[in-house]
1. Just order 270-282, 110-122 by mean Cβ neighbour count inside 10 Å, highest at the front, would you?
2. If amide hydrogens are placed 1.01 Å from N in the peptide plane, which non-local residues have theirs closer than 5 Å to the one on Lys47?
3. For the chain, what % of the accessible area comes from carbon and sulfur atoms, probe 1.4 Å?
4. Across segment 258-271, in residue order, what do the Karplus-derived ³J(HN,Hα) couplings come to in whole Hz, using 6.51 cos²θ - 1.76 cosθ + 1.60 with θ = phi - 60° and x for Gly and Pro?
5. When the Karplus curve 6.51 cos²θ - 1.76 cosθ + 1.60 is applied with θ = phi - 60°, which whole-Hz ³J(HN,Hα) does each residue of segment 93-102 get, with x for Gly and Pro?
6. Only bridges whose two residues both fall in the chain count here: according to DSSP, what percent of them are antiparallel, nearest 5?
7. Considering only C-alpha atoms, what is the centroid distance from segment 93-152 to segment 202-247, in Å?
8. Determine, from the Cβ-Cβ distance of Lys132 and Arg220 and an R0 of 41 Å, the FRET efficiency 1/(1 + (r/R0)^6), rounded to the nearest 0.05.
Amino acid sequence: MKCSCGNEAIYYQKYSNKYLCKECFIKDVERRVKKTLGKDILRRNVKIAIGISGGKDSLVMAHILKKLFKNIPNVELTAVFIDEGIKNFRDKAKEIIVDFCKKNSLDLKIVKFKDEIKFSLDEIVKNNYLEKLNIGKPCSFCGVVRRYLLNKHAKGYDFLAIGHNLDDFAQTILMNYIEGNIKNLIQFGKSTEGFVKRIKPLKLIPEEEVKLYANLLNIRYQSTPCPYSSLSYRHRIKDILNNLESFKPGVRYSILRGYEKLISLVDYKEKVNRCKICGYPCSGEVCKVCEWLKKLNVIE
Ligand code: SF4
Ligand code: ZN
Ligand code: ZN
């Protein structure tokens, strides 16, 4: 099949019924990222911290941000890598990221669990600290600490860029609807007071297109899953959505659009306190991370 430009197509975009050649596909992805960012973000005098994990999404996001900001003056882009201390897995990610940042002249900040909370994630698991904290799975601990550290190290930046793609969005929205988790559903779409504003440049890009973009541009990424991740509820939702998408192309977009319409009508603001130990925004008196670190005798 041919692309509309006359070149041989390499990809069929089912939801738009278009055949795209390599060049048009790359342009199409970058155009949608540009549209998502808009003029408020894509401008001079801006400082962006980019959360980077070594997976395809964060590296593709960093690559496109670097490209889109190339000719805009006075822009500061810094990759922030959270190293949880997961033997072999994160070491491999780190090697890929260091290499990527060097090749793309991107500043890199490496933040280690071990330095920040005294223990690596491996140590937390090995020492049975999860039990002590009454936490079921490593992800429940890791996710909260990662988020905490990303926010902490993005302080002073105008935005914190997160590599969530369209599939991640549709899955999260659907999961929250199904579980009736209305508070989470609203919070997901609104920025929380006290945090650096989050941006999600890959919001309109389906996962398979992020992967294809990385492969076409030879962006090396880590594809092995984290040894602590388990086949979760999210995976089931992912299967359902992929199934739906195959006979109703574009369903992930319509879930996102419907959600955004809904959220624009909701006027909700949660009262935000400051953790009395570290100052992090939280709903109670002490944030979750400080509460855990106290129980582990890391802080008084
Ligand atoms: Fe942490 Fe879970 Fe992600 Fe592994 S899969 S890095 S444990 S949140
Ligand atoms: Zn073309
Ligand atoms: Zn705290």
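1. In decreasing order of mean packing, 270-282, 110-122 become 110-122, 270-282.
2. Glu76, Asp158, Phe159
3. Result for the chain: 50 percent of the exposed heavy-atom area is carbon or sulfur.
4. x, 5, 5, 5, 4, 5, 5, 8, 8, 9, 9, 9, 8, 6
5. So the J values, rounded to whole Hz, are 4, 4, 4, 5, 5, 4, 5, 4, 5, 5.
6. The answer is about 25 percent antiparallel.
7. 21
8. That gives a FRET efficiency of 0.60.
The values are calculated or read from the model by the stated rules, or taken from the named source; none is laboratory data. Because the structure is predicted, anything quoted here is derived from the model rather than measured. Virtual Cβ from ideal backbone geometry, glycine too; neighbours counted across all protein chains shown. Remember, those area values only see protein heavy atoms, side chains included, never the ligands or the DNA or RNA. Shrake-Rupley method; radii C 1.70, N 1.55, O 1.52, S 1.80 Å.
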